[in-house]
Amino acid sequence: MNKKHLTDIFRNSRNKKIIIIGDLMLDRYLFGDVNRISPEAPVQVFDLKKNEYRLGGAANVAYNIKTLGADPFLIGVTGNDAESELLKLSLESNGISTKGIISEDGRPTTSKSRVISDSHHLLRIDSESKEEITPSSQKKILSLLSEHAAKETVIILQDYNKGVLTRELIKKISAAAAKEKFRILVDPKFDNFFEFRNAYLFKPNRKELEDSFGIKIKELNYLDEIAAKLFKKISCANIIFTLGEQGMMIYENHNKKLRKEKISTKARKVADVSGAGDTVISTIAVCLSGGASLRDSAVISNYAAGLVVQEVGIVPVYKNDLMENILKNK
């Protein structure tokens, strides 16, 4: 992949609208030290030094799309609480519209607080609801999609099983995509795994595959059989399996012929894999919107994932850093 090709992809994707629908999260990072045991009980005392808020879940996908130069439109649901306001403030401060965010009374905004000392995760505290969003919220999501999507728009369905992507909503979005020629990219989780039909791309990771098929993947050769079952069951056009340190496996429908390719990981060191899947789907979406092939989009996203896993916590990937890394290590 030469510099001109790479530059053309990101130039063509600049300010292209990409819609993200899914579970929004606020990530809180508590950084500090542990140097003593409490006199009250046999537990460690954590001395807080720094407190940071970051975008998580579908909001992190939107953030990555923004830092890669495209224009994310984020659709999701929060509560009417302080965490929702913090999430919106963080989005706005990073130039991401909050017009697609719907608030529900009585529903907590999904938040995850991570306690970290010397780059080690000591504890995570979650506040969330996995209840399905209301029918009213589902109607608002479909209305927002109709208002902001156009033919060939790339739409990411980012599911963390927190209640936004209900089976009914998935079905209606899929029907709209078939009618309007949207390109749907799916980042699935266990609960609705087989509900995402007719997507342009289906991108599960190893754990999601194992949980959904009830098997343990010991050899990569098993993936061919799983891919064949998925193509038949959900009628998707293309599949990418993300496999952690083993890279990716792409099954691509190319001129009505199935093309398979394994892409090795580009990570040089791994500090934290949090958010790597968000980075992959974001980068693929941006590259596709810039006219790249699915194969080239996957290769570029693999470099992007290799960058973010070197950092502690959920961090975005920046276009210039990514391009420099690819050209230096191709």
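The values are calculated or read from the model by the stated rules, or taken from the named source; none is laboratory data. Remember, it's a predicted structure, so these values are computed and weren't measured experimentally. Cβ sites come from the backbone with ideal geometry, for glycine too, and all protein chains shown count toward neighbours.
In the range 235-248, the residues that are more than 17 Å from SER174 (Cα to Cα) form Cβ pairs under 8 Å with partners that are in a helix (DSSP H, G or I) and among the charged types (D, E, K, R), at six or more places apart or across chains, as follows: PHE241/ARG206; THR242/ARG206; LEU243/ARG206; GLY244/ARG206. Taking the criterion of being assigned to a loop (DSSP other than H, G, I, E, B), buried (at least 16 other Cβ atoms within 10 Å of the Cβ) and in contact with a Leu (Cβ under 9 Å, 6 or more places away or on another chain), the residues of the range 99-111 that qualify are GLY100, THR109, THR110. Please name all residue pairs, on different chains or six or more residues apart, with Cβ atoms under 7 Å, provided the first residue is in the range 92-103 and is under 12 Å from PRO72 (Cα atoms) and the second residue is buried (at least 19 other Cβ atoms within 10 Å of the Cβ) and aromatic (Phe, Trp, Tyr). That search, which allows pairs on different chains as well, returns ASN94/TYR63; ILE96/TYR63; SER97/PHE73; GLY100/PHE73. Contact map, the range 127-152: first residue farther than 25 Å from SER111 by Cα and assigned to a helix (DSSP H, G or I), second residue at pLDDT 95 or above and of a type in the set (Phe, Trp, Tyr), Cβ cut-off under 7 Å, separation 6 or more or different chains; pairs are HIS148/PHE73. Scan the range 153-172 for residues that are more than 18 Å from the chain's Cα centre (by Cα), among the hydrophobic types (A, V, I, L, M, F, W, C) and more than 20 Å from ARG107 (Cβ to Cβ) and the total you get is 0. Residue check: is GLY22 at pLDDT 95 or above and either buried (at least 24 other Cβ atoms within 10 Å of the Cβ) or not aliphatic (A, V, I, L, M) (or both)? The answer is yes for GLY22. Identification of helices (runs of 4 or more DSSP H) wholly contained in the range 153-262 with 1 or more residues that are buried (at least 22 other Cβ atoms within 10 Å of the Cβ) and among the aromatic types (Phe, Trp, Tyr) yields no element.
Can you name the residue in the range 112-126 that is part of a strand (DSSP E or B) and of a type in the set (Gly, Ala, Ser) and is also farthest from ARG28 (Cα to Cα) among such residues? Spell out the reasoning first.
Here is the first cut: in the range 112-126, the residues part of a strand (DSSP E or B) are 112-117, 120-126.
From what's left, of a type in the set (Gly, Ala, Ser): 113, 117.
Numbers: SER113: 4, SER117: 14 Å.
Filtering first and then ranking leaves SER117.
Among the residues making up the range 17-53, those that are among the small types (Gly, Ala, Ser) and in a strand (DSSP E or B) are GLY22, GLY32. Return the residue satisfying two criteria in turn: it lies in the range 127-152 and is hydrophobic (A, V, I, L, M, F, W, C) and either surrounded by 12 or more Cβ atoms within 10 Å (Cβ to Cβ) or in contact with a strand residue (DSSP E or B) (Cβ under 6 Å, 6 or more places away or on another chain) (or both), and of such residues it is nearest to TYR29 (Cα to Cα). In this case the residue turns out to be ILE133. On the given criteria, is LEU123 within 19 Å of the chain's Cα centre (by Cα) and among the hydrophobic types (A, V, I, L, M, F, W, C)? No: the conditions fail for LEU123. When you look at LEU123, is it touching a strand residue (DSSP E or B) at 6+ places or on another chain (Cβ under 6 Å), free of Cβ contacts under 8 Å to residues at least 12 places away in the same chain and farther than 24 Å from ARG167 by Cα, yes or no? So LEU123 fits the description; yes. Selection of the range 67-95 for residues being assigned to a helix (DSSP H, G or I) and crowded, with 24+ Cβ neighbours inside 10 Å yields only LEU87.
Could you say which residue among ARG28, ARG36, ARG14 is crowded, with 18+ Cβ neighbours inside 10 Å and in contact with an Asp or Glu (Cβ under 9 Å, 6 or more places away or on another chain)? It would help to see each step written out before you state the result.
Numbers: ARG36 fails: crowded, with 18+ Cβ neighbours inside 10 Å; ARG14 fails: crowded, with 18+ Cβ neighbours inside 10 Å.
Result: ARG28 is the single residue among ARG28, ARG36, ARG14 that is crowded, with 18+ Cβ neighbours inside 10 Å and in contact with an Asp or Glu (Cβ under 9 Å, 6 or more places away or on another chain).
Taking the criterion of being within 22 Å of VAL309 (Cβ to Cβ) and either touching a residue at least 12 places away in the same chain (Cβ under 8 Å) or in contact with a Gly (Cβ under 9 Å, 6 or more places away or on another chain) (or both), would at least one residue in the range 171-182 satisfy it? Scanning the range 171-182, I find no residue that is within 22 Å of VAL309 (Cβ to Cβ) and either touching a residue at least 12 places away in the same chain (Cβ under 8 Å) or in contact with a Gly (Cβ under 9 Å, 6 or more places away or on another chain) (or both), so the answer is no.
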